2 protein chains.
Amino acid sequence: MIARINDKEARALLKECRTGRLGCIADGSPYVVPVNYILQDDKIYVHSLVGQKVNALRQDSRACLQVDEIVDDYHWRSAIAFGRYREVTQQAERDLVISELLARFPFLTPVESVPVHDGGSSVVVFCIQIERVSGVADS
Amino acid sequence: MIARINDKEARALLKECRTGRLGCIADGSPYVVPVNYILQDDKIYVHSLVGQKVNALRQDSRACLQVDEIVDDYHWRSAIAFGRYREVTQQAERDLVISELLARFPFLTPVESVPVHDGGSSVVVFCIQIERVSGVADS
């Protein structure tokens, strides 16, 4: 059986997880990739190389982030946040987000903490501004 | 660093996993849900109650299934299959799929193995017919 969890519980699960699955629309088709992220208030921050997801989100800003905690087939919770993509380009916000991403994900190398332009690739920090959340769990 | 894995490796990962994240488009926005599934040749089979994902896929058949194996931040693989949604309504195919789903996911109760109409809900078996796959891994 499946039951809805309330928005507060869904947000708590989004806060707790560190890896989620980002959904976007690429060339008209759904596209999903795992991402590490941090949640702050109504903002999900992600650090990424420019690639398929960033290109897709630049074309169509609608995005979602799905997270779950699956203990077994009988014990699980899943939450999803829907929102819009925005690139973080303002230096003060970018520095703050990168320092917090580095605190949570220390594997980010220093070179990733500054804009890099190398053979056409570059590192971006982006935000999903949350518009609504929902969640379900076993019951 | 990230490197592409070839289609054979991507398919092997899709075969190996049992839980994936299904991406679809619901009311114009990306939507992602965790699902248990089986892969047979070019077909991903999923068993579900009628709900948001089935309603969305009935409107727009484009779908993807993303799976991953994340050991830690340095050791991971991710694969994605893109395809089209089709409901499995032909009795012989449906019976075969349900018996194989039950073999892999024994928590499915017998009542779920037959069409159920209960207060408007019903159980569907659907297939994502794979059109292409891709994958990435740490390198």
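The values are calculated or read from the model by the stated rules, or taken from the named source; none is laboratory data. As the structure is a prediction and not an experimental result, all values here were calculated from the model. Cβ: placed from backbone, ideal geometry, glycine included. Neighbour counts: every protein chain shown. Side chains included, ligands, DNA and RNA excluded: accessible areas come from the protein's heavy atoms. Shrake-Rupley method; radii C 1.70, N 1.55, O 1.52, S 1.80 Å.
With the condition kept exactly as written, say whether any residue in the stretch B:95-109 is under 26 Å from residue A:1 (Cα atoms), open to solvent by less than 40 Å² (accessible area, probe 1.4 Å) and basic (Lys, Arg).
No, the stretch B:95-109 has no match at all.
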- Message: Among the residues of the stretch A:35-91, what is the count of those that are at pLDDT 90 or above, part of a strand (DSSP E or B) and charged (D, E, K, R)?
- Response: 8
- Task: For the stretch A:56-94, enumerate the residues that are without any contact (Cβ under 8 Å) to a residue 12 or more places away in the chain, within 15 Å of residue A:125 (Cα to Cα) and open to solvent by 80 Å² or more (accessible area, probe 1.4 Å).
- Result: A:89, A:90, A:91
- Only unsatisfied item for residue B:10, checking (1) assigned to a strand (DSSP E or B); (2) more than 8 Å from every other protein chain (Cβ to nearest Cβ); (3) at pLDDT 95 or above, is (1)
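Any idea how many residues of the stretch A:13-52 are charged (D, E, K, R) and within 7 Å of chain B (Cβ to nearest Cβ)? Walk me through it before giving the result.
Within the stretch A:13-52, the subset charged (D, E, K, R) is A:15-16, A:18, A:21, A:27, A:41-43.
Then keep just the ones that are within 7 Å of chain B (Cβ to nearest Cβ); that gives A:21.
Residues that pass the stated criteria total 1.
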- Message: If I go through the stretch B:23-43 residue by residue, how many of them are out of contact with any Ser or Thr (no Cβ under 9 Å at 6 or more places or on another chain) and within 12 Å of residue B:127 (Cα to Cα)?
- Response: 6
